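To start, the structure under review is shown below, and the notes come after it.
The values are calculated or read from the model by the stated rules, or taken from the named source; none is laboratory data. Given the structure is predicted, the values throughout are model-derived calculations rather than measurements. FYI the Cβ positions are ideal-geometry reconstructions off the backbone, even for glycines, and counts take in every protein chain you see.
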Amino acid sequence: MALLAKRPNGTQDVVPNEVYKWQTVESVVRDTAQQFGFREIRIPTFEETGLFVRSVGDTTDVVQKEMYTVSSSGDKTFTLRPEGTAGTIRAVIENGILNDGLPQKVYYTLSCFRHEKAQKGRLREFHQFGCELLGAASPSADADVIALADSVLKRLGLRNIVLNINSIGCPECRAKYREALKAYFEPHRSELCATCQDRLDKNPMRLLDCKSEEDQAIAKDAPLITDYLCEDCAAHFETVKKQLGIMGIDFTVNPKIVRGLDYYTRTVFEFISNDIGAQGTVCGGGRYDGLVETLGGKPTPALGFAMGLERILLTMEAQGCEFMEEKTCDLYIAAMGEAAAEKTVEIVTRMRDEGFFVEYDLVGRGLKAQMKYADKIKAKYVIVLGDSELESGSAKLKNMATGEQTDISLGEELLDDFGAQYYELMMSTDDDFRSFVEAFADNGDDK
């Protein structure tokens, strides 16, 4: 029978035997964000289109070319979120979170949608871990947010990730810089792509972000924003660099970084890998001090970043990083006969209530087929129950890795007997389990 539908281009399925890789990354980003004082926020998948036009910028590729927009039954249009910051700031303002004391720190893990040419590391539905820090104007906040991103990447075991930073100044700096860019690019207007010819009049900084090789060649000798920073912005940037040095975070100043969204001000940064081809930016962010006010809130300094989870996973796989082990069955109970099947249900219920991952036959297999299935699902232990085991009140517990068998009670002692065997197995095979137990012992808990 032919498949009636296939997944849309630019999307991907995360199947059960791969999802543990995602869970590894999600666990690290969540734990690290919380350690830095960030709390989780969850926002809608779609917003009113105007939110992204106002925040992201109507001259950006995202707004001009990449948004998925639909009309409702009325006159409003809604857009699947192309990024996480705008909706998060809208939610923070609308729910009065800024009234709870500053700074406010929130993080999220969400899916985003952009209509663009699908390729490795660039999908139409993709996922981001992001954080937003609101209410702190100091350069220390910039360094702390960068440190959070740096810490996540290091805890995931990633290597050879280069941090590029820049300052794109405040509106006053950029006004002078825009004039310098217009003067530089004007003689080349006819050589620019049609999009950049339009940008030259509306927002010439966007020319520095163009993906056209011809336009990139023209922009190679363009003026640098760092030569146009006002005294305050220059001092802010110097302090950010000093703080990163104190934190031991290596960086390169790259005056060509402008980021692709219009809301950025002052500090911008990117973490780049050379191990996944052209789409090497695994994390990008910066300061956006005017965005809260643009979206209707009180003037509030803010900054944050977004980290592409697909690109993180690609980089981890390319570098051979370790993932958490896939969770597998602790115990499979193979039953022979109706009475054994009923006893199995009783045992399984008890053991699951105690937190063990236990499986049993649900499709009417014979014993040989059940054993094959137990092996296929990587069960750590197997118990076979039949009439003789029910009569004696005990069974053989088989270690599937070693083939070793030990007697185990089917009565009240079952949980204690299995727990002791399970403990010994995990202490000898699971580094995380052993570390947890040893940490407990170090804290004086001898249970």
Pull up segment 307-348, narrow it to residues that are in a helix (DSSP H, G or I) and small (Gly, Ala, Ser), then point me to the one that is surrounded by the most Cβ atoms within 10 Å (Cβ to Cβ).
ALA340
Residue pairs meeting the criteria (Cβ under 7 Å; at least 6 apart or on separate chains; first under 25 Å from ASP361 (Cα atoms), in segment 321-335; second among the aromatic types (Phe, Trp, Tyr) and assigned to a loop (DSSP other than H, G, I, E, B))
LYS327/PHE357; CYS329/PHE357; ASP330/PHE356; ASP330/PHE357; LEU331/PHE356
Residue hits (segment 98-121; touching a helix residue (DSSP H, G or I) at 6+ places or on another chain (Cβ under 9 Å) and crowded, with 17+ Cβ neighbours inside 10 Å) are LEU98, PRO103, GLN104, LYS105, VAL106, TYR107, TYR108, THR109, LEU110, PHE113, ARG114, GLY121
In segment 65-78, which residues are hydroxyl-bearing (Ser, Thr, Tyr) and either in contact with a Pro (Cβ under 9 Å, 6 or more places away or on another chain) or modelled with pLDDT of 95 or more (or both)?
TYR68
Only one of these conditions is not met by THR24: (1) in contact with a strand residue (DSSP E or B) (Cβ under 8 Å, 6 or more places away or on another chain); (2) in the same structural domain as ALA143 (by TED's automatic domain parsing); (3) β-branched (Val, Ile, Thr). Which number is it?
(1)
Are there any pairs, at least 6 apart or on different chains, whose C-beta atoms fall under 7 Å, with the first in segment 210-232 and among the polar types (S, T, N, Q) and the second surrounded by 14 or more Cβ atoms within 10 Å (Cβ to Cβ) and assigned to a loop (DSSP other than H, G, I, E, B), and if so, which?
SER212/CYS193; GLN216/CYS210; THR226/PRO255
Does any residue in segment 347-366 that is in the same structural domain as GLY337 (by TED's automatic domain parsing) come within less than 6 Å, Cβ to Cβ, of a residue that is surrounded by 13 or more Cβ atoms within 10 Å (Cβ to Cβ) and part of a loop (DSSP other than H, G, I, E, B) six or more places away or on a different chain, and which pairs are these?
PHE356/ASP330; PHE357/CYS329; PHE357/ASP330; GLU359/CYS329
Qualifying position, being buried (at least 21 other Cβ atoms within 10 Å of the Cβ), without any contact (Cβ under 8 Å) to a residue 60 or more places away in the chain, outside the structural domain of ARG350 (by TED's automatic domain parsing) and assigned to a strand (DSSP E or B), among GLY304, GLY284:
GLY284
Among the numbered criteria (1) at pLDDT 95 or above; (2) in the same structural domain as ARG266 (by TED's automatic domain parsing); (3) not polar (S, T, N, Q), which single criterion is violated by ALA341?
(2)
Scan segment 287-301 residue by residue and report those that are surrounded by fewer than 21 Cβ atoms within 10 Å (Cβ to Cβ) and either among the hydroxyl-bearing types (Ser, Thr, Tyr) or in a loop (DSSP other than H, G, I, E, B) (or both).
ASP289, GLY290, THR294, LEU295, GLY296, GLY297, LYS298, PRO299
If LYS256 passes every condition in (1) among the charged types (D, E, K, R); (2) surrounded by 20 or more Cβ atoms within 10 Å (Cβ to Cβ); (3) not assigned by TED's automatic domain parsing to the domain that holds LYS182 but one, which one does it miss?
(2)
For segment 388-447, which positions are modelled with pLDDT under 90, β-branched (Val, Ile, Thr) and within 24 Å of LYS376 (Cα to Cα)?
THR429
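Answer with yes or no whether VAL268 is aliphatic (A, V, I, L, M), at pLDDT below 90 and surrounded by 14 or more Cβ atoms within 10 Å (Cβ to Cβ). Break it down stepwise before answering.
Working: aliphatic (A, V, I, L, M): yes; at pLDDT below 90: no; surrounded by 14 or more Cβ atoms within 10 Å (Cβ to Cβ): yes.
It is false that VAL268 is aliphatic (A, V, I, L, M), at pLDDT below 90 and surrounded by 14 or more Cβ atoms within 10 Å (Cβ to Cβ).
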Please specify each residue of segment 349-379 satisfying the condition of being of a type outside the set (A, V, I, L, M, F, W, C) and outside any loop (DSSP other than H, G, I, E, B).
THR349, ARG350, ARG352, ASP353, GLU359, TYR360, LYS368, GLN370, LYS372, TYR373, ASP375, LYS376
How do the helices (runs of 4 or more DSSP H) wholly within segment 127-202 filter down when requiring 2 or more residues that are buried (at least 19 other Cβ atoms within 10 Å of the Cβ) and touching a residue at least 40 places away in the same chain (Cβ under 8 Å): which remain?
139-155, 171-185
Here is a check on your reading of the model: is VAL63 more than 26 Å from ASP198 (Cα to Cα), crowded, with 21+ Cβ neighbours inside 10 Å and either assigned by TED's automatic domain parsing to the domain that holds ALA234 or not hydrophobic (A, V, I, L, M, F, W, C) (or both)?
no
Give all pairs with beta carbons closer than 6 Å in which a residue from segment 1-15 that is touching a residue at least 60 places away in the same chain (Cβ under 8 Å) and under 25 Å from LEU309 (Cβ atoms) meets a residue that is outside any loop (DSSP other than H, G, I, E, B) and not polar (S, T, N, Q); count only pairs at least 6 apart in sequence or on separate chains.
THR11/GLU125
Within the bounds of segment 150-173, is there any residue that is of a type outside the set (D, E, K, R), touching a Gly at 6+ places or on another chain (Cβ under 8 Å) and at pLDDT 95 or above?
no
